[in-house]
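Okay, so here's the structure we're looking at.
The values are calculated or read from the model by the stated rules, or taken from the named source; none is laboratory data. Quick caveat: nothing in here was measured; it's all calculated off a predicted structure. In this analysis, Cβ positions are derived from the backbone assuming ideal geometry, glycine residues included, and neighbour counts consider all displayed protein chains.
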Amino acid sequence: MSAPDHTSTTDLTTQPSTLASELFAPGVGAQAGPPTTPAADTGSAGQASPGVHSHGGPTPTGSPAERFTSVDPDAFGVPTGREETWRFTPMKRIKPLLDGADSDARLTWSTDLPEGVEVTRVDAGDPLLKGLPDPVDRLAALARQRSAGADVVRVPAEAQLDRPVSLGLAGTGSDEVVWGQLVVEVGPFAKATVVLDHSGLARYAGGVTVLVGDGAQVTLVSVQDWAPGAVHGGQYDAVIGRDATFKQVVVTLGGDLVRLVSNVQYAGPGGSAELFGVYFSDETQHQEHRLWVDHAVPNCTSNVLYKGALQGEGARTVWIGDVRIRPAATGTETYELNRNLVLTDGARADSVPNLEIETGEIVGAGHASATGRFDDEQLFYLCSRGIDAETARRLVVRGFFADVVQHIGLPELQDRLMASIDERLGALPALDDQPVEVG
């Protein structure tokens, strides 16, 4: 990220908050968050209703009919690793976050704010926070509680920003857990791109909520370029207004353990969500991305595309994609795709797409998942034209990621991330032991 115009810390001035209801048209509801009790005609929690069309593995699949949510960490209990939502996560490595110790440690903030954009601080009792989606696990509930408020980025209605809102969040190397809560409010019919750039060394648990006003167009880019040894757990929520468009691009490259849960819901019909992700796990790194898209209103669309690569002994990635189409969500169109490229032995990728369809009156719905090694046909094609095997493999990996990275829409950041991927490929072991046969 380029150097910001000015630097500030999270110790910001408190101003009266804007209620979330002001972002959305009357009658579509400002109260966010997946319901904690079953919707009408959807069966009891944890059970699908009769006639439900469900894709996924045997119960439990990670895509229950309803998800339990609460702002109280104790309501979830302390996970043991046997729970469905935690069974892939290395519990010893995330334990410092789950212990929930109070801490005054902070990340160092650097900001680059276009004209008209405000960054303020609100306390825990602010009405804005009471309308946010509830946490879906103990870690998110701890982050909400321990943060004692939130930093709020406000983009005014009908704003057309001349550059992205850039927030650099850097760890200082402290052993204390850093708790954080960020809310991004984008007014109706505004157009904005927000970049969260995480770096440095930290143990960080943070929540991010994006409130997309009616007719607004919002892109959120979250980069996890942490230093080795960093641990990051977080819940990302998007509440999308009537006829609004939301795009999220998650790029996870650094850190020892990164676990992000991304949730999408619609506050009115006509909303559109695109969720893109790129992750590259090196030796011993654990990168886990969980998504939940809740279609509960008519005529909304969602598209999910995540791609990951793994190399080195103990490299591990987890991708869980859940899409729910409720009975009232007629006219829904959704698709999710996850692809993983395993570059060396000793790496493991888990991929679980889930799709729950509770109405037949939809435009379309589908999902796909694939995990494998290099495409031999692509390598053969390149090598048969005089390109050496190592260069050919690099080109294949670059092409694998490029179609996702381009959705960021910021050339300078895209070039930086692709350069980081190239650097990792430079450390790819045993290329000479994996010859490509030509002819």
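One line per residue, one yes/no per condition, for (1) crowded, with 20+ Cβ neighbours inside 10 Å; (2) out of contact with any strand residue (DSSP E or B) (no Cβ under 9 Å at 6 or more places or on another chain); (3) β-branched (Val, Ile, Thr):
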| position | (1), (2), (3) |
| --- | --- |
| Glu84 | no, yes, no |
| Ala124 | no, no, no |
| Val136 | yes, no, yes |
| Ala143 | yes, no, no |
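If we scan region 100-109, do we find a residue that is crowded, with 18+ Cβ neighbours inside 10 Å and under 15 Å from Val208 (Cβ atoms)? Yes, region 100-109 contains at least one residue that is crowded, with 18+ Cβ neighbours inside 10 Å and under 15 Å from Val208 (Cβ atoms). Inspection of region 332-344 identifies at least one residue that is at pLDDT below 95 and surrounded by fewer than 21 Cβ atoms within 10 Å (Cβ to Cβ). Considering region 344-367, the residues that are out of contact with any Phe, Trp or Tyr (no Cβ under 8 Å at 6 or more places or on another chain) and of a type in the set (A, V, I, L, M) include one that is nearest to Gln378 (Cα to Cα), namely Ala347. Within the set Gly277, Gly255, Gly308, Gly312, the sole residue that is at pLDDT below 95 and assigned by TED's automatic domain parsing to the domain that holds Gly360 turns out to be Gly312.
Here is a yes/no grid of residues against (1) touching a residue at least 24 places away in the same chain (Cβ under 8 Å); (2) out of contact with any helix residue (DSSP H, G or I) (no Cβ under 7 Å at 6 or more places or on another chain); (3) closer than 16 Å to Val210 by Cβ; (4) not assigned by TED's automatic domain parsing to the domain that holds Val210:
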{"site": "Val117", "(1), (2), (3), (4)": "yes, yes, yes, no"}
{"site": "Asp126", "(1), (2), (3), (4)": "yes, yes, no, no"}
{"site": "Leu132", "(1), (2), (3), (4)": "yes, yes, yes, no"}
{"site": "Asp137", "(1), (2), (3), (4)": "yes, yes, no, no"}
{"site": "Ala141", "(1), (2), (3), (4)": "yes, no, no, no"}
{"site": "Ala170", "(1), (2), (3), (4)": "yes, yes, no, no"}
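Among the conditions (1) outside any loop (DSSP other than H, G, I, E, B); (2) surrounded by fewer than 18 Cβ atoms within 10 Å (Cβ to Cβ), the only one that Ser302 does not satisfy is (2). Residues in region 387-394 include at least one that is in contact with a helix residue (DSSP H, G or I) (Cβ under 7 Å, 6 or more places away or on another chain), basic (Lys, Arg) and in a helix (DSSP H, G or I). Inspect region 38-48 for any residue being of a type in the set (A, V, I, L, M, F, W, C), crowded, with 16+ Cβ neighbours inside 10 Å and either at pLDDT below 95 or at positive phi (or both) and give the result as yes or no. Within region 38-48 (the criterion being of a type in the set (A, V, I, L, M, F, W, C), crowded, with 16+ Cβ neighbours inside 10 Å and either at pLDDT below 95 or at positive phi (or both)), the answer is yes, since at least one residue qualifies. The number of residues in region 143-168 that are over 30 Å from Gly215 (Cβ atoms) and in contact with a Lys or Arg (Cβ under 8 Å, 6 or more places away or on another chain) comes to 0. Residue-level check: of (1) within 25 Å of Leu201 (Cα to Cα); (2) under 23 Å from the mean Cα position of the chain (by Cα); (3) not small (Gly, Ala, Ser), Asp104 misses just (2).
Note on region 312-380: enclosed strands (runs of 3 or more DSSP E) holding 1 or more residues that are of a type in the set (Gly, Ala, Ser) and under 29 Å from Arg398 (Cβ atoms) are 316-325, 348-357, 364-372.
Could you say whether any residue in region 187-210 is of a type in the set (Asp, Glu) and crowded, with 22+ Cβ neighbours inside 10 Å? Within region 187-210, none of the residues are of a type in the set (Asp, Glu) and crowded, with 22+ Cβ neighbours inside 10 Å. Comparison of Ala150, Ala159 shows that the only residue that is buried (at least 18 other Cβ atoms within 10 Å of the Cβ), modelled with pLDDT of 95 or more, more than 24 Å from His286 (Cα to Cα) and more than 23 Å from the chain's Cα centre (by Cα) is Ala159. For the structure I just gave you, tell me whether Glu185 is among the charged types (D, E, K, R), in the same structural domain as Tyr266 (by TED's automatic domain parsing) and farther than 22 Å from Ser103 by Cα. The answer is yes for Glu185. In this structure, is Ser222 of a type outside the set (Asp, Glu) and either over 19 Å from Lys247 (Cα atoms) or outside the structural domain of Lys95 (by TED's automatic domain parsing) (or both)? No; evaluated as a whole, the condition is false for this residue. How about region 278-287: which of its residues are surrounded by fewer than 24 Cβ atoms within 10 Å (Cβ to Cβ) and out of contact with any Pro (no Cβ under 7 Å at 6 or more places or on another chain)? Matches in region 278-287: Asp282, Glu283, Thr284.
Listed here are the residues, each with its yes/no results for (1) of a type in the set (S, T, N, Q); (2) modelled with pLDDT of 95 or more; (3) closer than 24 Å to Leu220 by Cβ.
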{"site": "Glu361", "(1), (2), (3)": "no, yes, no"}
{"site": "Ser384", "(1), (2), (3)": "yes, no, no"}
{"site": "Arg416", "(1), (2), (3)": "no, no, yes"}
{"site": "Ile421", "(1), (2), (3)": "no, no, yes"}
{"site": "Val438", "(1), (2), (3)": "no, no, no"}
